[in-house]
Amino acid sequence: MTTATTPERGRLIVLEGGEGAGKSTHARGIVDWLQAQGRRVVLTREPGGSPLAEAIRGVVLGDWDEGIDGATEALLIFAARAAHLHARIAPALAAGEDVVCDRFVDASYAYQGAGRGLGMEKIAQLERWTLGELRPDLVLVLDLDPELGLQRAKHRGDINRFEAETLEFARLVRQTYLARAAAAPERYAVIDSSQPRAQVQAAIFKVLQQQLRSVPP
Ligand code: TYD
């Protein structure tokens with residue numbers, strides 16, 4: 001039972017998508033939308049989101065002469081996720097704040113499970129270990145043709161290790177997001193990000209209005 005001293009849990013809202021899909025811009029728009037509804041909101045990202053997790057992000061996105069194999073990459077990303085969850089996400093949700101996260105565990109299925117070929121089961125094990133029962137309330141997948149996305153990312157400049165990957169890798173990432181969204185439509189929405197930015201934003205707000213209504217509070 002909820003009492004005056006234990007607020008309702010906040011909602012975890014995640015933005016996902018391949019490179020160049022505009023997640024960061026739209027994450028800020030979602031925060032503004034939620035705040036306009038009177039919600040308290042935390043905006044964060046992965047890998048990173050807390051000082052320790054941001055330090056691990058630096059390692060994951062770094063260029064190492066010896067390379068980073070898929071297992072090392074996945075374990076570092078989940079270590080960052082555990083730290084982020086502990087320091088920031090769980091306390092915010094418990095305090096009744098909504099958390100808007102630029103990427104979360106679906107990215108590990110897409111990039112490490114599919115892209116790096118680790119397979120879904122290994123990621124599922126790490127997910128169970130790190131997150132327990134916690135799942136996002138809503139995952140917005142900003143969907144874009146990988147060719148267009150990689151072009152946009154390169155145009156933006158300063159590309160990371162993942163953006164430098166092959167088109168085939170980017171296609172696996174996209175397929176994984178779409179498959180996961182199709183398997184749980186009550187928690188996922190796929191947004192066509194090839195549209196002009198204002199239209200993408202309008203589509204996102206429509207989903208927030210429709211899908212968050214069914215999630216408490
Ligand atoms: P970032 O610069 O934030 O990329 P973007 O702006 O495209 O989100 O770098 C994060 C990179 O980390 C991104 O290219 C995808 C990768 N990543 C994974 O491979 N697995 C994960 O679980 C997460 C959260 C991110």
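Residues of region 43-79 with an amide N closer than 12 Å to a point placed 7 Å from the Cα of His86 along the Cα-to-Cβ direction: 52-53, 79.
List the relative contact order of region 12-214 as a percent without decimals, with contacts defined as Cα pairs under 8 Å and 6+ residues apart.
31
Comparing Thr44, Thr130, Thr72 in a Gaussian network model of the chain where C-alpha atoms under 10 Å apart are linked, the largest mean-square fluctuation is found at Thr72. Shape verdict for region 120-217, please, from the Cα gyration tensor: rounded (a/c under 1.5), prolate (a/b greater than b/c) or oblate. In terms of gyration-tensor shape, oblate. Taking Cα centre as origin and charging only the Cβ of basic (Lys, Arg, +1) and acidic (Asp, Glu, -1) residues, the dipole magnitude of the chain rounds to 700 debye.
Taking the charge dipole of the chain about its Cα centre, with +1 at Lys and Arg Cβ atoms and -1 at Asp and Glu Cβ atoms, the residue from Val31, Trp64, Leu178 reaching farthest to the positive side is Val31.
For the residues Glu186, Glu97, Glu66, a GNM of the chain with alpha-carbon springs under 10 Å puts the largest fluctuation on Glu66. Look at the Cα gyration tensor of the chain: its axes a ≥ b ≥ c give a/c of at least 1.5 with a/b at or below b/c, and that counts as oblate. By the rule of a C-alpha distance below 19 Å, with chain neighbours fewer than 8 residues away ignored, the lysines paired with Lys154 are Lys23. If I fit a long axis through the Cα atoms of helix 167-183 and take the longest principal axis of the Cα atoms of the chain, what angle between them do I get, 0 to 90°, rounded to 10? For 167-183 against the chain, the angle is about 30 degrees.
Computed from phi, the 3J(HN,Hα) profile of region 153-165 under the Karplus parametrisation 6.51, -1.76, 1.60 (θ = phi - 60°) reads 4, 5, 4, 5, x, 6, 7, 8, 4, 6, 5, 7, 5 Hz, with x in place of Gly and Pro. Note that the chain presents 50 Å² accessible area per residue, ligands and nucleic acids not counted, probe 1.4 Å. Across the accessible surface of the chain, with the other protein chains kept in place and a 1.4 Å probe, carbon and sulfur atoms take up 54 percent. Mean-square fluctuations from a GNM of the chain, with a 10 angstrom spring cutoff on Cα atoms, peak among Glu73, Glu133, Glu54 at Glu133.
The values are calculated or read from the model by the stated rules, or taken from the named source; none is laboratory data. Quick caveat: nothing in here was measured; it's all calculated off a predicted structure. No Cβ is skipped: glycine too gets one built from the backbone with ideal geometry, and neighbour counts run over all protein chains shown. The area values use the complete protein model at the heavy-atom level, side chains included, leaving out ligands, DNA and RNA. Shrake-Rupley method; radii C 1.70, N 1.55, O 1.52, S 1.80 Å.
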